[in-house]
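Have a look at the structure below, then the notes.
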Amino acid sequence: YVRQEFRKLAEKGRIPEPRARYLAGLIKGTLDYRDFADCDFVIEAVFEQMDVKRQVFAEVEAHVRPDTVLATNTSSLSVSRMAADLKHPERVVGFHFFNPVAVLPLVEVVKAERTGEEALATAFDVARQLRKTGILVKDSPAFLVNRILVKMLVDCLTLIDEGATFEQVDEALLKLGLPMAPFDLLGLVGLPVALHVMETLNQAFGPDRFPLNSGFKRVVDAKKTGIYVTEGKVKRVEPEVESLWGRTGGKEFHLEEIQEQVLSNLARETDLILKEKVVNSSKDVDLALIMGAGWPFFMGGLTMYLDLTGVTPRVLQKVFFSF
């Protein structure tokens, strides 16, 4: 896959053909941990299961130098817990990319309880060399961007239960200028991955803020890959998804009501994120949403938009942004 990406860059004239071949030649695949012995920086990107990730780190630690930085691309799991049983937990750091990785410039650099300053500085330097923007994030469930996105998706699922249609919810949020409709985003992320992050946040913060939607869970259990099916240029909700969901609500929604409900809850959750010091300031929230989630640049970021449209003053009786 990586070699194919290099070929595409050369075909587009982004890099010379000889350089594409040179870069492709640097890639080496292996099934032997001993081949990691001289690595300075190792990134794991295995399944989002704590036991699997801890096993991988324990196995690789036995073969690398004591100063090798071990980075995890986890999207929601505790980096501190991942490093807890290692001989050198101070060298473990979160290094969370966003899809598509080749396009989105954000990396959440997660400082765990015992992450050392050297490992943290190395992670930021690697992000810079990758031409990515690193943002320092506290080790908390789902970190920053995924916590905000999942809060939005959870509210979208609740709206479906209450009677809104999938198309209505997508249209309402697309009118805000978002680059992708919520239920298209679910399909891109992967329904099982989204459910996993929802479960993580449900366990951490409770069902009032992050309820587990039973209809969505039935769709995931049925191994559906997305909400929609496409027939030519026409996109429609997959009939089995509708039947599995089993909606009971019958309320009719206007697009403005959908926007109001989602944005109000985003304001509340963002306020809690800042109070918990997941990031240093609202400016970090705005930068992360623009670079990691495609929030429209012209809006100035999430908190700026919530302030300027009056959502923050109405919901929280204050504003996020200070000049």
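In the stretch 245-322, carbon and sulfur make up what percent of the accessible area (probe 1.4 Å)? Intermediate results must be reported in sequence, preceding the final value.
Details: 2120 of 3780 Å².
Using a 1.4 Å probe with all protein chains present, the stretch 245-322 comes out at 56 percent carbon and sulfur.
With the full set of protein chains in place, find how many percent of the accessible area of the stretch 75-191 is carbon and sulfur; take the probe as 1.4 Å.
Values: 2470 of 4590 Å².
It is 54 percent, rounded to a whole number.
Once the piece of chain linking Lys223 and Arg236 is laid out straight, how much longer is it, given 0.36 nm per residue of separation minus the C-alpha distance between them?
Length gained, Lys223 through Arg236: 2.9 nm.
Rounded to the nearest 10 degrees, what's the angle between the helix 117-129 long axis and the longest principal axis of the chain, both from Cα atoms, 0 to 90?
Helix 117-129 sits at roughly 80 degrees to that axis.
For the stretch 86-142, what is the accessible area per residue in Å², given a 1.4 Å probe and the full set of protein chains?
Using a 1.4 Å probe on heavy atoms only, each residue of the stretch 86-142 averages 49 Å².
Once the Cα gyration tensor of the stretch 140-230 is diagonalised, what are the square roots of 5 times its eigenvalues, in whole Å and ordered largest first, as equivalent ellipsoid semi-axes?
19, 15, 13
What does the accessible area of Ser282 come to, in Å² to the nearest 10, when a probe of 1.4 Å is used?
Ser282 has an accessible surface of roughly 10 Å² with all protein chains in place.
Just how far, in whole angstrom, is the stretch 144-208 from the stretch 7-45 if you go by their alpha carbon centroids?
35
What 222 nm value per residue comes from the helices of the chain, counting each DSSP H run with n ≥ 4 as -39,500 (n - 2.57) and dividing by all residues, nearest 500 deg cm²/dmol?
-15000 deg cm²/dmol
Taking amide H atoms as placed 1.01 Å from N in the peptide plane, list the residues 5 or more away in sequence, or in a different chain, whose amide H sits under 5 Å from that of Phe95.
Thr72, Asn73, Thr74, Val110
May I ask you to give the solvent-accessible area per residue for the stretch 252-323, in square angstrom, as obtained with a 1.4 angstrom probe?
49
Taking the simple approach of a point 7 Å from Cα along Cα-to-Cβ for both Gln203 and Ile43, what is their distance in nm?
Between Gln203 and Ile43, the label points sit 2.6 nm apart.
Please work out the ratio of the alpha-carbon Rg of the stretch 14-83 to 2.2 N^0.38 Å and round it to two decimals.
1.35
Could you let me know the centre-to-centre spacing of the stretch 247-308 and the stretch 49-106, using Cα atoms, in angstrom?
Centre-to-centre distance over Cα atoms comes out at 29 Å.
Relative to the first principal axis of the alpha-carbon coordinates of the chain, what is the inclination of helix 145-162, with its axis defined by its Cα atoms, in degrees from 0 to 90 and to the nearest 10?
Computed tilt is about 30 degrees.
Hey, if you drop one equal point scatterer on each alpha-carbon of the chain and run the Debye formula without solvent, what base-10 log of I(q)/I(0) do you get at q = 0.09, 0.15 Å⁻¹?
Rounded to two decimals, the profile gives -0.53, -1.32.
Under the Karplus relation 6.51 cos²θ - 1.76 cosθ + 1.60, θ = phi - 60°, what is the ordered set of whole-Hz ³J(HN,Hα) values for the stretch 215-223, x standing for Gly and Pro?
x, 4, 5, 5, 5, 5, 4, 7, 6
The values are calculated or read from the model by the stated rules, or taken from the named source; none is laboratory data. Just so you know, these numbers come straight off a predicted model, no measurement behind them. Methodologically, a virtual Cβ is constructed for each residue, glycine included, from the backbone with ideal geometry; neighbour enumeration extends over all protein chains shown. The area values use the complete protein model at the heavy-atom level, side chains included, leaving out ligands, DNA and RNA. Shrake-Rupley method; radii C 1.70, N 1.55, O 1.52, S 1.80 Å.
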